[in-house]
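Beneath this line is the structure, given in structure tokens, with notes to follow.
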Amino acid sequence: MSLLRRLRQEVLFARQRIYRAGSPTPLEKLELPDFTGEIWVKREDVSPIKAYKWRGAFNRMAVMTAEEAAAGVVTASAGNHAQGVALAAGLLGVDADIFMPSTTPAVKQNAVRRLGGDRVQIHLSGDAYDDSVHAANHFASQSGATIVHAYDDLHVMAGQGTLADEVVMSGQGPFDVAFLQIGGGGMAAGVACWLRTFWPNIKLIGVEGVDQASMKAAFAAGSPVRLDNIDIFCDGSAVRQAGALPFEICHELLDDIITVTNKEVSEAIRVMWEGLRAIPEPAGAMGLAGALQCKASLAGKRCLTVLCGANLDFSKLALIAETASSGLQSRYFLRINIPEIPGSMLHLLDDVLADVSINDFLYGKTDPQEAWPIFGIDSTPERFAEITEKLNTSGYRWGNVTGSEDIEFRAIPCHAELLSHPLFLKLEFYERPGALHDFLSETIRGRANFCYFNYRYTGERIGRALIGLEFSDRTQHEEFLAWLPPSGKGYRHCRPVPASVVERMI
């Protein structure tokens with residue numbers, strides 16, 4: 001019997017086992033503006049472990065012999081498979097040793113402990129999934145424990161395939177195309193097998209991260225190959241080498257494999273939040289990222305995606321929000337040259353950037369004659385071209401520094417020896433169009449010169465900035481400080497930064 005037929009048969013058997021561990025998950029339609037087709041999302045984020053991996057892990061462990069169960073199981077996982085094994089271990093009364101990379105988010109480690117209780121023991125090993133695999137294999141050879149592989153196993157793939165069975169049974173089909181994310185390939189193999197069985201004409205698209213495309217590399221080489229370096233932004237799919245069994249199935253069934261960037265994944269997370277009020281982990285949004293990438297060719301078609309996991313480390317939300325674009329807009333950073341004289345910054349804002357929403361503002365005085373403030377703006381490519389053309393027409397020198405390391409790490413140089421009687425202020429202003437400009441124009445214009453500015457939009461109703469001003473003499477400095485209202489037009493609060501803090505800054 002071929003591997004594909006065996007897998008199809010095992011999906012049937014898995015349907016009889018896995019619902020001891022969980023219930024079917026919903027299939028929801030995602031409404032997208034200006035899209036004539038349909039995108040449906042299989043919500044594995046509401047499963048017992050907030051990811052689909054419970055299916056394959058329980059199915060594999062449910063068929064163990066009494067001898068295998070007595071010896072215990074061992075597995076390696078970046079997080080979600082570990083939770084599936086922990087859930088099954090608790091339900092089946094089997095001891096499990098689970099090897100996880102030391103970089104595994106705490107939310108996943110804590111979930112493993114909660115689900116498995118005293119049946120599981122976590123071993124943090126290495127920095128990547130493959131390091132944990134090596135350690136788990138060594139442990140198995142020494143202990144005799146049964147290896148429950150995360151994806152390169154027939155029963156595991158069959159368990160994952162049950163999510164496709166629920167799609168078929170939902171009555172919402174058939175679908176024209178399915179976008180299936182790939183790590184090791186277990187889910188893509190099991191789901192593709194079942195969807196193609198019932199809907200022979202469905203187009204099956206694998207989706208991988210652009211810097212972790214192990215299955216795409218395997219397709220090119222004719223067999224699984226090991227990637228030297230992989231990106232771990234999508235940590236749930238960060239696998240150096242696709243599984244041998246998933247490769248065989250995917251190579252036979254997938255019509256194409258596409259790759260998506262971290263930015264596209266972050267954008268897909270934003271879309272899911274706005275459309276479903278769901279926040280997937282990055283790997284959980286890769287399928288939708290693929291669909292959004294292909295949106296122009298999907299008009300009038302019915303598309304299936306899988307939200308395969310939502311075990312997101314909360315601290316990663318800020319990075320995701322920063323990486324995602326704002327609708328059709330992207331974040332651009334412009335470095336613009338102006339004279340280092342009072343009023344020149346405000347003149348630039350009034351002249352070129354008056355109607356531009358500034359979401360980031362970085363500047364530190366480094367030259368007595370010239371200033372190079374950096375402005376972060378959200379814009380469409382067309383609008384960005386208009387802004388840069390206006391800069392050219394107005395005679396400004398400028399550079400596009402989007403993606404530069406100094407921007408990424410917010411490196412803001414400021415030479416203390418160039419500052420004349422500086423005053424640093426912490427400013428809180430209302431996040432509305434024109435509020436920051438009102439403060440600068442009404443409070444600063446004609447009274448001081450900028451020597452430092454650090455502001456980033458955070459999504460709050462209140463914006464916060466650290467600004468530096470300089471004055472021609474000490475008297476002017478003291479008079480301004482005595483006059484400065486603690487609140488005023490466009491701003492909620494403004495206060496001097498303590499001298500001890502300023503001493504550390506400059």
Any idea which residue in the range 345-388 is modelled with the lowest pLDDT, counting only those that are small (Gly, Ala, Ser) and surrounded by 16 or more Cβ atoms within 10 Å (Cβ to Cβ)?
-> 379
Do the conditions hold for residue 149, that is, is it assigned to a helix (DSSP H, G or I) and either in contact (Cβ under 8 Å) with a residue 24 or more places away in the chain or within 27 Å of residue 217 (Cα to Cα) (or both)?
-> no
What number of residues within the range 197-230 are surrounded by 14 or more Cβ atoms within 10 Å (Cβ to Cβ), charged (D, E, K, R) and not in a helix (DSSP H, G or I)?
-> 3
Taking strands (runs of 3 or more DSSP E) that do not extend beyond the range 442-506, which have at least 3 residues that are touching a residue at least 12 places away in the same chain (Cβ under 8 Å) and over 19 Å from residue 344 (Cβ atoms)?
-> 462-470, 491-496
Can you tell me which residue within the range 111-134, out of those that are aliphatic (A, V, I, L, M) and over 19 Å from residue 57 (Cα atoms), is modelled with the lowest pLDDT?
-> 128
From the list 154, 124, which one is hydrophobic (A, V, I, L, M, F, W, C) and in contact (Cβ under 8 Å) with a residue 40 or more places away in the chain?
-> 154
So, of the residues in the range 250-303 that are without any contact (Cβ under 8 Å) to a residue 24 or more places away in the chain and closer than 18 Å to residue 28 by Cβ, which turns out to be surrounded by the most Cβ atoms within 10 Å (Cβ to Cβ)?
-> 285
Which of the residues spanning the range 395-437 are part of a loop (DSSP other than H, G, I, E, B), open to solvent by less than 40 Å² (accessible area, probe 1.4 Å) and either of a type in the set (A, V, I, L, M) or farther than 21 Å from residue 344 by Cβ (or both)?
-> 401, 404, 412, 419
So, of the residues in the range 14-38 that are outside any loop (DSSP other than H, G, I, E, B) and surrounded by 15 or more Cβ atoms within 10 Å (Cβ to Cβ), which turns out to be farthest from the chain's Cα centre (by Cα)?
-> 14
Of everything in the range 90-107 that's modelled with pLDDT of 85 or more and outside any loop (DSSP other than H, G, I, E, B), which residue is most open to solvent (accessible area, probe 1.4 Å)?
-> 91
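The values are calculated or read from the model by the stated rules, or taken from the named source; none is laboratory data. Note that the structure is a prediction, hence the values are computed from the model and not measured. Ideal geometry is used to build each Cβ from the backbone, glycine not excepted, and the neighbour counts take in all protein chains shown. Note: areas computed on protein heavy atoms with side chains; ligands, DNA, RNA excluded. Shrake-Rupley method; radii C 1.70, N 1.55, O 1.52, S 1.80 Å.
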